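Data block below; observations after.
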Amino acid sequence: MADEVARRLVHVTGATVPLAHLLRPDLITWLVVQAFLAVALAVVLVLEAVRLTTGLDWVVYDRLTREYEQDNPAGYALYIVGIAIVAFAVELPSMNVTVAVPAMLMLAIGDPISGLLGSTDASNVKQAWVLLVMFGVCTLLAAPFVPPAAAVLGGIAATFADGVKPRIAGYVIDDNFSIPVLGALAMWIGVQYLPALGL
């Protein structure tokens, strides 16, 4: 249980990246956020390459990785990959920081809350009440940034990503990657297309 709490606390520290930008956009510009994440991405890719090819087994890996991550990319690396994709996706047409920030917060805040409330069952799906909490938290996190319908779409996407961890070719699609990516994509769709439908 102590290791699980430690993992969740590390998770929450990721909120400092988007929050620093929100609190001091003059100092921590989005370009600074992107540069930081580019460096972090390079570091974790090297660490994971070394860990997976040489069997490097530092104590921190024992405490902060799960059993299924021993031979797969670890959750911390997928966390950085997921939020880096979202951070750089703001360069796409009509994608912007108001979508990227809540997507990052869904992962940094919503996922740890969900994780502490309940784990997946034998079918690898979380309990319904935990998913409802995840949906509520993620929708509330998105609400200050995007229109209500887009916030709901983002909440649904993040909840789906949190609730199911499918395996593809033996690899677990970790929610550390899928929550920010799917959440941002859903909110982008909501912002881009729902106003034309009157939503």
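Throughout, read-outs are computed from the coordinates displayed, never taken from laboratory work. Being a predicted model, the structure only gives us computed values, none of them experimental. Backbone-built Cβ (ideal geometry, glycine too); neighbour counts: all protein chains shown.
Observations
- In plain terms, the residue of Ile173, Ile109, Ile168 with the fewest other Cβ atoms within 10 Å comes first and the most crowded comes last, giving Ile168, Ile173, Ile109.
- If you plug the beta carbon distance of Val50 and Leu117 into 1/(1 + (r/R0)^6) with R0 = 30 Å, you get a FRET efficiency near 0.30.
- Residue exposure proxy: Val39, Val101, Val17, ordered by other Cβ atoms within 10 angstrom of their Cβ from fewest to most, comes out as Val39, Val17, Val101.
- Distance between the modelled labels on Val39 and Leu92, one decimal in nanometres: 2.7 nm (7 Å Cα→Cβ projection).
- Look at Val191, Val86 and count the other Cβ atoms within 10 Å of each Cβ; fewest to most, that gives Val191, Val86.
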